[in-house]
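Derivation of every value follows stated rules applied to the coordinates shown; laboratory data play no part. A quick note: this is a predicted structure, and the numbers were derived from the prediction, not measured. All Cβ positions, even for glycine, are placed from backbone atoms using ideal geometry, and neighbour counts span all protein chains on display.
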Amino acid sequence: MKVYIDGKYYDEHKACVSVFDHGLLYGDGIFEGIRAYNGRIFKLKEHIDRLFCSAKAILLDLPLSHAEFMQATVAACRKNQIRDGYIRLVVTRGVGTLGLNPLKCKRPVVIIIAGKIQVYPPELYARGMDIITVPTTRNLHSALNPAIKSLNYLNNILAKIEANNSGVEEAVMLNAEGYVAEGTADNLFIVKGDALLTPPLAAGALYGITRQTVMELAGTAGLRVGEPNLTRYDLFNADECFLTGSGAEIMPVVKIDGRMIGNGKPGRWTRRLVADYRNLTNSTGEPI
Ligand code: PMP
């Protein structure tokens, strides 16, 4: 694999950043996780749009234009002969001093890794996941806004550790008020009657690109789509539940905190949305 760093390609074992990079020292940077399917990069423009929003929120001057980021991402896929894969686009604050002042970082570092991903085993998609709510709450907007896709994922990692410690694959994170926010790296949806519901972004969810896509597909499929605050009670009494993310795609959830969801199998709307999502990913996107 050849990794792009600041306009040059390096063999994967020689692709290095400085130990003084503030991305490493402080998690000071932003990223995107993007999928390629069937020779096309899915929702590339939307991912680069979000990268620019994250950059603006943390006052990071991106060294490439929107068009240059799109071109560089396509080129990294070509270079690695990726037709189906996963692209990790990272921008760090760059090399600075041991102090945290970002003004000491003269130039951001851009990294593009075009490789493969299998977040969960295929059997899990067929069976559905058993998940739990965890004690670690999602970051407050007023502290570190969950809408910023920053390199600082310790909040999510702590939640994931709590899920691991309980012997389940994934955690539902609540916000400080006790409303459902999202999974550790995925948005969360429930189906109740003819409604597809997902927490509002203000509850502490990322502006998920898969989330947006699934909401559009659900509207076309005839579901009523809403974004109300959700409690654990709403999850327990849902007909169906699933998680969405570029990496995980659509993962059915069949148990939450020991309560079976619906009949304990991936629901019919979930399966319909998985099929519609698959059709869309295979037929649209930026050609590589
Ligand atoms: N929430 C978090 C915390 C994430 O890191 C991600 C991305 N993996 C998502 C939600 C899903 O976002 P997207 O659909 O844009 O990948």
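Calculated mean residue ellipticity at 222 nm for the chain: -9000 deg cm²/dmol, from DSSP H runs with n ≥ 4 weighted as -39500 (n - 2.57), summed, divided by the residue count and rounded to 500. Rounded to the nearest 20, the Cβ-based charge dipole of the chain about its Cα centre (Lys and Arg +1, Asp and Glu -1) stands at 620 debye.
The angle between the Cα long axis of helix 209-221 and the main principal axis of the chain comes to about 40°, on a 0 to 90 degree scale. By the compact-protein rule of thumb, 2.2 N^0.38 Å, the alpha-carbon radius of gyration of the chain corresponds to a ratio of 1.01.
For Ile41, the residues 5 or more places off, or on other chains, whose built amide H falls under 5 Å of its own are Glu286, Ile288. In terms of distances greater than 31 angstrom between alpha carbons, the cross-link table entries Lys14/Lys104; Lys160/Lys265; Lys149/Lys192; Lys79/Lys265 yield Lys79/Lys265.
Just the number, please: percent antiparallel of the DSSP beta bridges in the range 122-281, rounded to the nearest 5.
Of the beta bridges lying entirely in the range 122-281, close to 65 percent run antiparallel.
For the range 122-281, the convex hull drawn through the C-alpha positions has a volume of 103 cubic angstrom per residue.
Farthest towards the positive end of the charge dipole of the chain, among the residues Leu140, Tyr120, Phe42, is the Cα of Phe42, using unit charges on the Cβ of Lys, Arg, Asp and Glu. 3J(HN,Hα) along the range 3-19: 9, 7, 9, 6, x, 10, 9, 10, 4, 4, 7, 10, 7, 10, 10, 5, 5 Hz, from the Karplus curve 6.51 cos²θ - 1.76 cosθ + 1.60 with θ = phi - 60°, whole Hz, x for Gly and Pro. Spacing of the modelled spin labels on Phe236 and Arg127, each 7 Å from Cα toward Cβ, amounts to 2.5 nm. Note on the chain: GNM, Cα springs under 10 Å; of Leu230, Leu197, Leu98, the largest mean-square fluctuation is that of Leu98. Computed from label points 7 Å out along Cα-Cβ, the spacing between Asp61 and Asn101 is 1.7 nm.
When Rg and the Kirkwood Rh are both derived from Cα coordinates, the Rg/Rh ratio for the range 2-115 amounts to 0.97. Residue order for Phe69, Phe20, fewest other beta carbons within 10 angstrom first, comes to Phe20, Phe69. Highest mobility in the GNM of the chain, judged by mean-square fluctuation with C-alpha springs under 10 Å and restricted to Asn155, Asn38, Asn164, is found for Asn164. 3J(HN,Hα) along the range 161-176, derived from phi through the Karplus expression 6.51 cos²θ - 1.76 cosθ + 1.60 where θ = phi - 60°, amounts to 4, 5, 5, 4, 4, 8, x, 10, 7, 8, 10, 9, 9, 9, 8, 5 Hz, with x in place of Gly and Pro.
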